[in-house]
1. Looking at V197, V183, V152, which is the one that is open to solvent by less than 50 Å² (accessible area, probe 1.4 Å) and under 12 Å from L41 (Cα atoms)?
2. Find the helices (runs of 4 or more DSSP H) located wholly in region 139-241 whose residues include 2 or more that are modelled with pLDDT of 90 or more, and list them.
3. Under 7 Å by Cβ, and 6 or more places apart or on different chains, what pairs join a residue from region 192-204 that is over 15 Å from A69 (Cα atoms) with one that is among the aromatic types (F, W, Y)?
4. Any residue in region 153-178 that is touching a residue at least 12 places away in the same chain (Cβ under 8 Å) sitting within a Cβ distance under 6 Å of a residue that is among the basic types (K, R) and open to solvent by 20 Å² or more (accessible area, probe 1.4 Å)? List the pairs, counting only those 6 or more apart or interchain.
5. Residue by residue through region 91-123, note down the ones that are surrounded by fewer than 18 Cβ atoms within 10 Å (Cβ to Cβ), out of contact with any Gly (no Cβ under 8 Å at 6 or more places or on another chain), at pLDDT below 90 and within 22 Å of S140 (Cβ to Cβ).
6. Residue check, H136 against (1) crowded, with 19+ Cβ neighbours inside 10 Å; (2) more than 21 Å from the chain's Cα centre (by Cα); (3) not β-branched (V, I, T), all met but one. Which one?
7. Could you list all residues from region 16-40 that are at pLDDT below 95 and either in contact with a His (Cβ under 7 Å, 6 or more places away or on another chain) or open to solvent by less than 10 Å² (accessible area, probe 1.4 Å) (or both)?
Amino acid sequence: MTARPEQMLLEVRDLHVAYGKAEVVHGVSFDVRAGEFVVLLGRNGAGKSTILHAVSGLVPKRAGNVRYAGRDISAAGPRDIVRAGLVQVLEGHRVFHNLTVEDNLLIGTYARSARGDRSKLERVYAMFPEMAQKRHQAASRLSGGQQQILAVAQGVIGDPQLLILDEPSAGLAPLVIERILEVAAQLCRDGMAVLLVEQLVEKALRHAHWCYLVETGRIGGEGSAQEIHGSDLLQRIYLGH
């Protein structure tokens, strides 16, 4: 099995999540190491996004333990989790449509600080030149793909140690999807960790280092992206045969 980085960043142990009386995540445990690109794969409805939301503090946990950068964040709220350096980009191009691209990015700088920080803009514009060209346009005038890129840029500008991406490909053209995944891979090469939930198996495994397979609210298997690609386990869990 391919060796993983030693430095642990996110540790999730025996996570349970329920909506009302119905438990949808059943004792999930997984890790993300520093600078690692980790992907959660599984069929629709397997519980992948719910796992992310529980880690980020967006939905309550029934049980389990979440540690981030050596600190127990199991009971922390979303704001404290973001300020600790874990930022989630939610599914569905969640940007402020009535604000300009630049104002959306400036809001992202508040993630880690009580003040905005314009000094971070140029670095992000260098990484996302399509946003630099449209910095003074209202976000509502961007295409769906551009809005998703803006949402990712808004997450990156807060300088998280771990960026969580929830289904960034939803409804987007293949070239835009590839652009977002390439940016995520470059962020990992620069030292940021990425945790991705994605339906596009081939594209996700092409960029990821490590993969967890989610099956009806449980981890059904794990391995390096190379080991999981084309495996019988992937065929059984993801494709159902």
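The values are calculated or read from the model by the stated rules, or taken from the named source; none is laboratory data. If you're wondering where the values come from, they're calculated on a predicted model, not measured in any experiment. Note that we place each Cβ from the backbone using ideal geometry, even for glycine, and neighbour counts take in every protein chain shown. Side chains included, ligands, DNA and RNA excluded: accessible areas come from the protein's heavy atoms. Shrake-Rupley method; radii C 1.70, N 1.55, O 1.52, S 1.80 Å.
1. None of the others qualify; the one that does is V197.
2. Per the criteria, 144-156, 174-189, 201-207, 225-228.
3. V201/Y238
4. What qualifies is I157/K120; G158/R112.
5. Of everything in region 91-123, those that are surrounded by fewer than 18 Cβ atoms within 10 Å (Cβ to Cβ), out of contact with any Gly (no Cβ under 8 Å at 6 or more places or on another chain), at pLDDT below 90 and within 22 Å of S140 (Cβ to Cβ) turn out to be G92, R94, G116.
6. (1)
7. The answer is none; no residue qualifies.
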